[in-house]
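To start, the structure under review is shown below, and the notes come after it.
The values are calculated or read from the model by the stated rules, or taken from the named source; none is laboratory data. All figures in this text were calculated on a predicted structure; none of them were measured in a lab. Cβ: placed from backbone, ideal geometry, glycine included. Neighbour counts: every protein chain shown. Heavy atoms of the whole protein, side chains included, go into the accessibility calculation; ligands, DNA and RNA do not. Shrake-Rupley method; radii C 1.70, N 1.55, O 1.52, S 1.80 Å.
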Amino acid sequence: MVLQSSLKNCLHLSYILRTPKAGFRSTTSGSLIIQSTSNDVYQNLAVEDWIHDHMNLENRQVLFLWRNSPAVVIGRHQNPWQECNLRLLRQKNIKLARRRSGGGTVYHDLGNINLTFFTTRKKYERMENLKLVVKALKALRPQLDVHVTDRYDILLDRQYKISGTAAKLGRTAAYHHCTLLCNADKFVLSSVLKSPYKGLKSNATPSVPASVKNLFEEDPSLTCEMLLDAIAEEYATQHQIDHRITFNPADETVLPGINNKTKELQTWDWVYGKTPKFSVSTCFNMVYKDSVLDVKVDMDVKHGRIEVCNIDLPEQWLPSALCGELVKSLTGSKFCPNETSTLATTLLRVCPQDDELHSRWNLLCENMIMLM
Amino acid sequence: MAAVTALRSSCRAAGRLVCIHRVRSCSSIRFIKSKYVCVFDKSALKFSHQQRLFRTSAVSCGQIVQFKLSDIGEGITEVTVKEWYIKEGDSVSQFDSICEVQSDKASVTITSRYDGIIRKLHYNLDEIAYVGKPLVDIEIDASKGVAPEEDVVETPPMSHEEHTHQEIKGHKTLATPAVRRLAMENNIKLSEVVGTGKDNRILKEDILNYLAKQTGAILPPSPKAEIIPPLPKSETVPAAPKDKARKIPVPVSRPVVFSGKDKTEPITGFHKAMVKTMSAALKIPHFGYCDEIDLTQLVQLREELKPLAQIRGVKLSFMPFFIKAASLGLLQYPVLNASLDESCQNVTYKASHNIGVAMDTEQGLIVPNVKNVQVCSVFEIASELNRLQSLGSAGQLGTNDLTGGTFTLSNIGTIGGTYAKPVILPPEVAIGALGKIQVLPRFNGKGEVFKAQIMNVSWSADHRIIDGATMARFSNLWKSYLENPASMLLDLK
């Protein structure tokens, strides 16, 4: 039995370790199972960073259990425009996060559980971790047909992906994290992970799409809590741990410096600015009054900012000086709808005050914004 | 003597601790000096004038070491280089992050094993790098030792330095300068630490383990592990050795050196557009007119109406009242809602009162406007403001909301301030800045002192088409509506 205990007024996790639980012997291995009480993807990712940077993993291993409210998480070297429908994310208020480990894009919600295995760099061993998960699942429901592929995915019924993996290795520490689909919203998942943006060319790590299935669909009696418990149980057995610690990732007394890490993960420069260089080359139609116009746009985006911009409009539709102004202002600005709309509308103040001109300008800018 | 001391300290490493007690052993110094002269060429003596090594000039007297890509684990032999954190010519310290590589869903941060200057990057972005092959060339300052680790390839040129120290100190402890410094910072006697390296050499891990046992803490013991504030650009934040360049304990007489640097950034995007707009605005001859408004009655009215609005799902602030009152005033003084063309030949009196509300967002100042205030009720204005505010904070304001404004109000008082000098946003001709509401003593009609809710307003207007008298009359009208909200009822359409 793995006891749960929560961190209330205690300072460091070390304090908990040193305080023997009444009637239970304190952990002999020094390894830990910890669970976050937060569903904020940024806070939870910050915990991973924190443990990676500050915890001494020489003689211990840590299993971190967490779940997030709806969020899309892209890999360290991925391109969010390529990977997901950013417009839909903004509309539905689904967060976008970039994690520090590699790999592909995943959709998280409360029906998906996340597991992070922390070890020293030398003891980094993904297969072992995934086999542990499969063992736990089989112990819970022996009839489940789950196995680990050599791409480090876990498949259900040899067909459906229920878990994806990613890892981060630092100088001395390493972590391997994976998802596990219990009861996620597959409809939202498939709609947000489909990118509407055309004409993108980049060297960013692409995701490999896969058919997914929830474990809940296979066995409706399963819940996220049961899966978490089963996996924690298996880990506890293998590492001689007798209790699980729950904690609040926003608590600076437990994790000093955590809030800075959380903030950093939310900055535009991290989420979008870390996108490897890419180019956009596309054309679209604009309907204006009774005519349809063809517009061709070419842009190079580096660090999330427009390095080079070229807009090809039908001749004289907009005064070329004005068009030039728009292109000049876009150059160097963020490849971001908010930035573009505020920039474009601010520029309009110094243009000739002509309603016709204004409506054409607004139409062009709205279409440009649709690309971002 | 001083020169030799300096030479010794610089030879230790840039910015490392100078052990006071070592200076005292004069007899040995001469011995070391001659040893150094044998090992180095003359150019090393250039460093003697500095106690602290500033690597601004490329003094290439050091040896170039090829830093090879170390084993990733899991039998991986090749990785893709995804991001470089440094470029050729940058100086790095041991444990600084050099690059990020990716292999099969694993992202690996490669950190430097040496202190030195990057002389060559062997791969470009997105190229495949091989384990065991050179990743970067680092020029190591020849006076420094290479920290011995299990899989270092080159023999450290300074290994005999450590033996020499051993003799001076009278201890038999073997440890690199970095490890010694770490021990010193944490007040640890090296003699008490068990060394687990070759020849019982004390490694950094030994110090950390020793400290962990002392405090029982999991966390790295040194408070100088820069948890707050985080160091820029580095993925891993190891303990103390990282900040050796910045933490030199200084003898009392030495002045504090400020090592901050100016940072230049290009002005881009939105700010570039603001530069244009504000430069154009400055061409408008502004005049200002300020006044004080007694909002005591309005404050009371709002308190009564707030719950009613809440029931309808709208948050009611003071702005809807200010905006509606302004619109009523503009009906009487339409020149304030006008626009002057570029050549200043024609004035256009705008029919719609699209009153802009300045908003402070993460990006900076944006001014969405409420359209056609002249036909909106106070409640409608309030709900529209709610919509604009939530879109503004989410960064989702559309072009329609941001264009077409004819008059602007800026409620800077929510942040603070009393009187201001607002700048007119072209193509408009007037703007008002509202200060904060303060409780101040005022005299009433009977000559008694009472508590009044006072707010200051500062108007700016385009003196080419608006004169002071017009502005003053408009302001008085606006003020009378707000000081006596019931009077608004008479003129509401």
Checklist entry - Any residue in segment A:46-58 that is under 26 Å from residue A:216 (Cα atoms) and touching a residue at least 40 places away in the same chain (Cβ under 8 Å)? => result no
Item to check | Hits in segment A:303-317 (condition: assigned to a strand (DSSP E or B), open to solvent by 20 Å² or more (accessible area, probe 1.4 Å) and within 14 Å of chain B (Cβ to nearest Cβ)) | outcome: A:305, A:307, A:308
Item to check | Within segment A:186-206, considering residues that are open to solvent by 40 Å² or more (accessible area, probe 1.4 Å) and polar (S, T, N, Q), the one farthest from residue A:102 (Cα to Cα) | outcome: A:190
Next on the checklist: Pull out all pairs, ordered by first then second residue, where Cβ-Cβ is under 9 Å, the residues are six or more apart or on different chains, the first lies in segment A:194-214 and is in the same structural domain as residue A:83 (by the TED database), and the second is of a type in the set (Asp, Glu) and not in a loop (DSSP other than H, G, I, E, B).
Outcome noted: A:195/A:83; A:199/A:298; A:204/A:83; A:206/A:83; A:207/A:83
Item to check | Hits in segment A:133-169 (condition: among the acidic types (Asp, Glu) and touching a residue at least 40 places away in the same chain (Cβ under 8 Å)) | outcome: A:153, A:157
Checklist entry - Residues A:294, A:290, A:269, A:300: which one is of a type in the set (Asp, Glu), open to solvent by 80 Å² or more (accessible area, probe 1.4 Å) and under 27 Å from the mean Cα position of the chain (by Cα)? => result A:269
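Of these, A:344, A:321, which one is open to solvent by 50 Å² or more (accessible area, probe 1.4 Å) and either within 33 Å of the chain's Cα centre (by Cα) or not acidic (Asp, Glu) (or both)?
When all the criteria are applied, what remains is A:321.
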Checklist outcome for this item: Given (1) assigned to a helix (DSSP H, G or I); (2) at pLDDT below 90; (3) in contact with a Phe, Trp or Tyr (Cβ under 7 Å, 6 or more places away or on another chain), residue A:130 misses just (2)
Checklist outcome for this item: Filtering segment B:296-313 for residues that are open to solvent by 70 Å² or more (accessible area, probe 1.4 Å) and basic (Lys, Arg) leaves a count of 2
Next on the checklist: Please determine whether any residue of segment A:93-102 is within 12 Å of another protein chain (Cβ to nearest Cβ), of a type outside the set (Val, Ile, Thr), open to solvent by 20 Å² or more (accessible area, probe 1.4 Å) and out of contact with any strand residue (DSSP E or B) (no Cβ under 9 Å at 6 or more places or on another chain).
Outcome noted: yes
Checklist entry - Is there a residue in segment B:461-473 that is of a type outside the set (Lys, Arg), in a helix (DSSP H, G or I) and touching a Leu at 6+ places or on another chain (Cβ under 8 Å)? => result yes
Item to check | Close pairs (6 angstrom Cβ cut-off, 6 or more residues apart or separate chains): in contact (Cβ under 8 Å) with a residue 12 or more places away in the chain in segment A:107-132, among the polar types (S, T, N, Q) and open to solvent by less than 10 Å² (accessible area, probe 1.4 Å) anywhere | outcome: A:108/A:68
Checklist entry - With respect to residue A:137, is the statement that it is part of a helix (DSSP H, G or I), within 12 Å of chain B (Cβ to nearest Cβ) and buried (at least 17 other Cβ atoms within 10 Å of the Cβ) true? => result no
Checklist entry - Quick one: residue A:94 ticks every box in (1) in contact with a Gly (Cβ under 8 Å, 6 or more places away or on another chain); (2) closer than 21 Å to residue A:224 by Cβ bar one, so which box is it? => result (1)
Item to check | Unique match (being under 30 Å from residue A:352 (Cα atoms) and within 14 Å of chain A (Cβ to nearest Cβ)) among B:286, B:271 | outcome: B:271
Item to check | Residue among B:299, B:335 that is within 40 Å of the chain's Cα centre (by Cα) and not in a strand (DSSP E or B) | outcome: B:299
Checklist entry - Which ones in segment B:371-406 are buried (at least 18 other Cβ atoms within 10 Å of the Cβ), among the hydrophobic types (A, V, I, L, M, F, W, C) and within 34 Å of the chain's Cα centre (by Cα)? => result B:385, B:388, B:397, B:402
Checklist outcome for this item: Of the residues in segment A:329-372 that are among the basic types (Lys, Arg) and within 8 Å of chain B (Cβ to nearest Cβ), the one that is nearest to residue A:299 (Cα to Cα) is A:334
Next on the checklist: When you check residue A:262 against the structure, is it closer than 20 Å to residue A:198 by Cβ, within 12 Å of chain B (Cβ to nearest Cβ) and open to solvent by less than 20 Å² (accessible area, probe 1.4 Å), yes or no?
Outcome noted: no
